[in-house]
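Q: Below is the structure I would like to discuss, written out as structure tokens.
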């Protein structure tokens, strides 16, 4: 089957991409300033002998290529090394934090894509009118607002001024809940501000892409042909304009995932959200190189994986793109 | 209105406002108006093929779209079977759309790439709620496809446009116009993008449909020899106006307007020795936002007189059913 061949080819491409990033990451952390042992020991007066012993213990006395081969071998066993700071396997730490980020990024992305599509279609349809100018203006402002700053504004307004939502964290520490519903509602209240911030930050970008895409499609001959057939405006959008305009958005969403993670770092840090973004931020502050390296690899895999999925999805959405 | 006419176009105007820049808006400078169609008059008889010929940019496509109200006219009137199209309600406009269809130049652009052939051809039936019965719908789609010259029409139902050749695609586009049983079709350069070998098939098909189904055509083309071949009458357009209109044989045999003369003189003709008598036009079609004073053609006209620079000529009947807008005819 051609399909299988295509999938295999795409999969191989994805693996090669990940491998190249892996090599890059490995050497990136080795040219970074600071001796990892010094960070690990935190005792400036340690004896030279002890230092050499620890160095040998971590395998840092070996030549770089031997270290790299050990690293690859461990990777294949699912061992990403252990964190300097938490003194725990990196993979465990990452996996612990995944659900929190997934909830935040997942909810935020779905809502922002959905609303972005609607806003994009409406402003494209009303092109040149006040709705378009105002809508596009708001989208551009949201698109260019830094996530951390916007998050701080949200905290100031909703948590400090109105006092309706908590400033951060996923739940209240050390509280026993009377019921499951109570716990759920508390979680929702904690989720609200980070998700709102996240959604608003990304809505602008999606809306702008969708607007351009719809405007482009609306100028196609088949749109005019459909109008000549007496189609109503709603049907025109539903049958012809939106399905064709959605295609660029699919690849945009996948490519955007890298930036979304950057946004997650900022939003999670502002709201003390115990997810991957905040983990990365603290790992940076602590110079926790193994953890950072693991996180980079994990995120690379996510982005490449998302693009792989987008490629496959694309072929289902567009009959012109065959799996071959 | 003459009963034999299906369409009467009177002083049709389409002026676009040029997109003005931010600075111009700020200084509230006057927005230049692009006179794409600048007072077009003609009639189309029932079962007639009228060609609208002219260089690209002369406004012929816009004229076609404005007649169907796919572009809103800014002036003038269009009467379809005696009905003023500018006064139609939404409901009446939909009924009009069932009788008047358009076929575009590029069948690679005029079909939605994500719709199957069946979805494309059945869509007009669905949006106009003509038949809800699936079986009847299939029947009508199949008939439209075979009317458009596709054999084994049901084989095409689940195919996508990208799986078909240019000629097949154009036949699909024609089928989706035919499925509503229209009385009038605007064919906007329907064969320009097709290979020469496929062209004759499509043209023959259009002429057969005229004979069998009494469909009237407005055939838009830049190719005067094609217009000569297919049409009963030819209207030559220049910069938003019709400069000459008359029977196809008359126009080609004895062109009156200097512009038509120049166009006719470059039609390839095996009987004429090459190079003789050819009038190659110089210069460009005028900028439609600031057309020259007087006759719009005078800067390119080798016969131009002082009066041509001052006064714009009107379309006058010079012999029966032959109209020319030139001071010198």
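The values are calculated or read from the model by the stated rules, or taken from the named source; none is laboratory data. Just so it is clear, the structure is predicted and the values come from calculations on it, not from any experiment. Positions of Cβ are backbone-derived with ideal geometry, glycine not excepted, and every protein chain shown enters the neighbour counts.
Q: Give the residue that is farthest from residue A:221 (Cα to Cα), with candidates limited to residues of region B:155-190 that are within 11 Å of chain A (Cβ to nearest Cβ) and part of a strand (DSSP E or B).
A: Result: B:185.
Q: Would you list the helices (runs of 4 or more DSSP H) that sit entirely within region A:199-302 and hold 3 or more residues that are within 11 Å of chain B (Cβ to nearest Cβ)?
A: Numbers: elements: A:221-228, A:242-270, A:276-285.
Here the list reads A:221-228, A:242-270.
Q: Something else now. Could you list all residues from region B:101-110 that are more than 8 Å from chain A (Cβ to nearest Cβ) and at pLDDT 90 or above?
A: B:103
Q: Another question about this same structure. Given the criteria in contact (Cβ under 8 Å) with a residue 40 or more places away in the chain, within 14 Å of chain A (Cβ to nearest Cβ) and farther than 30 Å from residue B:138 by Cβ, does residue B:221 qualify?
A: Details: in contact (Cβ under 8 Å) with a residue 40 or more places away in the chain: yes; within 14 Å of chain A (Cβ to nearest Cβ): no; farther than 30 Å from residue B:138 by Cβ: yes.
No.
Q: On to the next question. Do you know which of the residues in region B:111-125 that are more than 8 Å from chain A (Cβ to nearest Cβ) and surrounded by fewer than 18 Cβ atoms within 10 Å (Cβ to Cβ) is farthest from residue B:217 (Cα to Cα)?
A: If we take residues in region B:111-125 being more than 8 Å from chain A (Cβ to nearest Cβ) and surrounded by fewer than 18 Cβ atoms within 10 Å (Cβ to Cβ), then B:116 is farthest from residue B:217 (Cα to Cα).
Q: Same structure, new question: Residue A:306: farther than 27 Å from residue A:84 by Cα, assigned to a helix (DSSP H, G or I) and within 14 Å of chain B (Cβ to nearest Cβ), yes or no?
A: no
Q: Also, quick follow-up: Can you name the residue in region B:231-251 that is in contact with a strand residue (DSSP E or B) (Cβ under 7 Å, 6 or more places away or on another chain) and part of a loop (DSSP other than H, G, I, E, B) and is also modelled with the lowest pLDDT among such residues?
A: By that ranking, first place goes to B:240.
Q: Also, I was wondering about something else. Being surrounded by 18 or more Cβ atoms within 10 Å (Cβ to Cβ) and within 19 Å of residue B:237 (Cα to Cα) is the requirement here; does residue B:51 meet it? Give the derivation first.
A: Details: surrounded by 18 or more Cβ atoms within 10 Å (Cβ to Cβ): yes; within 19 Å of residue B:237 (Cα to Cα): yes.
Yes; evaluated as a whole, the condition is true for this residue.
Q: Could you please let me know if residue A:135 is touching a residue at least 60 places away in the same chain (Cβ under 8 Å), touching a helix residue (DSSP H, G or I) at 6+ places or on another chain (Cβ under 8 Å), surrounded by 13 or more Cβ atoms within 10 Å (Cβ to Cβ) and not in a helix (DSSP H, G or I)?
A: no
Q: Mind checking which residues of region B:84-110 are surrounded by fewer than 23 Cβ atoms within 10 Å (Cβ to Cβ) and within 14 Å of residue B:183 (Cα to Cα)?
A: Within region B:84-110, B:95, B:96, B:98, B:99 meet the criteria.
Q: Being within 14 Å of chain A (Cβ to nearest Cβ) and surrounded by 17 or more Cβ atoms within 10 Å (Cβ to Cβ) is the filter; apply it to region B:71-83 and report the residue that is farthest from residue B:6 (Cα to Cα).
A: B:71
Q: Mind checking whether some residue in region B:208-216 is within 14 Å of chain A (Cβ to nearest Cβ), touching a strand residue (DSSP E or B) at 6+ places or on another chain (Cβ under 9 Å), under 24 Å from residue B:66 (Cα atoms) and surrounded by fewer than 20 Cβ atoms within 10 Å (Cβ to Cβ)?
A: Checking region B:208-216: not a single residue is within 14 Å of chain A (Cβ to nearest Cβ), touching a strand residue (DSSP E or B) at 6+ places or on another chain (Cβ under 9 Å), under 24 Å from residue B:66 (Cα atoms) and surrounded by fewer than 20 Cβ atoms within 10 Å (Cβ to Cβ).
Q: Within region A:1-118, which helices (runs of 4 or more DSSP H) (wholly inside it) include 3 or more residues that are within 22 Å of the chain's Cα centre (by Cα)? Steps first, please.
A: On the way: elements: A:2-31, A:36-41, A:48-57, A:64-76.
Correct list: A:2-31.
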